[in-house]
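Just below is one structure, and these are the notes that go with it.
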């Protein structure tokens, strides 16, 4: 039989790997039930994942932790668009995930009544087919700074409510948008690549240039195995009990602080400072565009864009339009200090604001993103409280599956 036929729901019902017992069990559709010893290389040491099950009929991966928490991950089909099934996408900044985690595990921790009520409603929508809540690489990086039970609670909450949905790594989306911008400039939009920003694709948040990401060239069997294994890779990272030291990013901070100081020292009117800041952002990040230009034209030359052309080129990109606006605003605000977390917030929240239907961000960057969306004449989809977010989500029609079920009429009571 062909490999394509063997890896089929017409043959299999369940695959179950028990990491504690060290066994793999295969249940076939015809009733056969085979259990074998799991090879030593597939047995992780000190894993907090006890068991994983692949349901061939539902195309879901079930992960069960050693504390008996159950995580369901929606499977990936490379030949179909992401299965939103009418669900809106909602992206939460890390600090908002903490509130949702507290509401799930111990609601009394959330002292603000409106935020607690909103968090519980968000949980209901997520677990009952009302919304999709993607994770990003930013979440993985920020969760790594936690440890112990607190990290476990937040990590399990994120894995549970995201159900395998991810937003692509900002660098992948940045490169994609840069290519589309250059294609538009050259009039070469025929055959332009199409990618889905929010997906269940395994490893999408890590990036296509990492060993954990997949590409169109990845063999189908490797994509399938990545789908089976990636949920546990991400879950293990989220609930790892040991804290990972954060990189201070001193060089990145100092570099951007110097740019802000230099622009302030020019003593120009605000509109001129904005043009200078935009040009500086462009010069800092021109590499993605030059690489796309060389690839599309086989030429080492690269065009010079006027200030007006640059405004149009940047603003036309979903994520780059927002992130460039954030950099411009911070370059011309000499009173705002550059911090380590700016790198994660600016890129991941801009990506979310570009592609998710709703975003709940921390106040500083969230407020700037709302202003940026208005400046670019885009719908304002960024909120800085869960209450405001959920109010908008509900206003726009999001409903849990159980809320959409028809109510059967009751028979009149006998008199």
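Against the chain, whose longest principal axis comes from its Cα atoms, helix 318-331 is set at around 50 degrees.
Relative to the dominant Cα principal axis of the chain, helix 170-186 is inclined by about 50°.
Taken along the Cα-to-beta-carbon direction at a fixed 7 Å, the label points for residue 377 and residue 68 span 5.9 nm.
For the range 288-411, the ratio of Cα radius of gyration to the globular rule of thumb 2.2 N^0.38 Å stands at 1.46. Net length available on complete extension from residue 128 to residue 79 is 15.1 nm, with 0.36 nm assigned per residue and the Cα-Cα distance removed. Note on the range 1-112: percent of Cα-Cα distances in each 5 Å bin, starting at 0 and stopping at the bin with the largest distance, equals 2, 9, 13, 16, 17, 14, 12, 9, 5, 2, 1, 0, 0.
Here the sum of -39500 (n - 2.57) over DSSP H runs of 4 or more residues, divided by the residues of the chain, equals -15000 deg cm²/dmol at 222 nm, to the nearest 500. For a modelled paramagnetic label at residue 340, 7 Å from Cα along Cα-to-Cβ, the residues of the range 102-145 in reach, with backbone nitrogen under 14 Å, are 141-145. Send over the Kirkwood Rh of the range 53-169, from the inverse of the averaged 1/r over different Cα pairs, rounded to one decimal Å. 15.0 Å is the Kirkwood radius here. Please give the FRET efficiency for residue 95 paired with residue 296, using the beta carbon to beta carbon distance and R0 = 51 Å, rounded to the nearest 0.05. The computed FRET efficiency comes out at 0.80.
With the simple spin-label model, which puts each label point 7 Å out from Cα in the Cβ direction, the residue 58 to residue 220 separation comes to 2.5 nm. Taking a point 7 Å out from the Cα of residue 30 in the direction of its Cβ, none of the residues of the range 45-85 has a backbone N less than 14 Å from it.
Please arrange 404, 360 by counting, for each residue, the other beta carbons lying within 10 Å of its beta carbon, fewest first.
So the residues, fewest neighbours to most, are 404, 360.
Per residue, the convex hull spanned by the Cα atoms of the range 182-314 measures out at 185 cubic angstrom. Computed over the chain, the quotient of the alpha carbon radius of gyration and 2.2 N^0.38 Å is 1.10.
Between helix 94-105 and the chain there is an angle of about 30 degrees, using the helix long axis and the longest principal axis of the Cα atoms. Modelled spin labels at residue 111 and residue 285, positioned 7 Å past Cα toward Cβ, are 3.8 nm from each other.
Full extension of the chain between residue 209 and residue 8 yields a length gain of 69.4 nm, computed as 0.36 nm times the residue separation minus the alpha carbon distance. The Kirkwood radius of the range 10-74, taken over pairs of alpha-carbon atoms, gives through the Stokes-Einstein law at 37 °C and 0.692 mPa s a diffusion coefficient of 267 µm² s⁻¹.
Rule-based calculations on the coordinates, nothing more; no lab input. Since this is a predicted model, take the numbers as computed values, not measurements. Cβ: placed from backbone, ideal geometry, glycine included. Neighbour counts: every protein chain shown.
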